[in-house]
Amino acid sequence: MFRRLPDLDAAEAAVTVLVEGEPVRARPGDSVAAIMLTLDRLPHLRETAVSGAPRNPYCMMGVCFDCLVEIDGVPNRQGCMVAVRDGMRIRRQRGRRSVAP
């Protein structure tokens, strides 16, 4: 579906993040949503709170909230607004959050 353009600078440092527990290499400055869109094994980033319908990023600029993901254990983060960093743990957002501890 999506693919990265060839690297302009092969010497650019890469970071490794865990997406759904699997290591993924990314470039510094990539957004979480952008790297997740390149992963063919993920059919969608989140599921809606009411119906469970699958959703993927739409605007990529923080307006639509269709890119919500869990980052380092914190749910409801806008993946398009968060830059990757080495060791980051990313999971898809599934349904509504629980209010019980």
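What follows is calculated from the coordinates using simple rules that are stated; it is not laboratory data. Owing to the predicted nature of the structure, the values given are computational and were not obtained by experimental measurement. All Cβ positions, even for glycine, are placed from backbone atoms using ideal geometry, and neighbour counts span all protein chains on display.
Numbers for the structure displayed
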{"quantity": "Sorted by Cβ density within 10 Å, fewest first, the residues Cys80, Cys67, Cys59", "calculated": "Cys59, Cys80, Cys67"}
{"quantity": "Over the chain, equivalent-ellipsoid semi-axes from the Cα gyration tensor in Å", "calculated": "24, 15, 12"}
{"quantity": "Computed helical MRE - 222 nm, the chain, DSSP H runs ≥ 4 contributing -39500 (n - 2.57), nearest 500", "calculated": "-1500 deg cm²/dmol"}
{"quantity": "Charge-dipole axis of the chain as Lys and Arg at +1 and Asp and Glu at -1 on Cβ define it, positive-most pick from Met81, Ser31, Leu68", "calculated": "Leu68"}
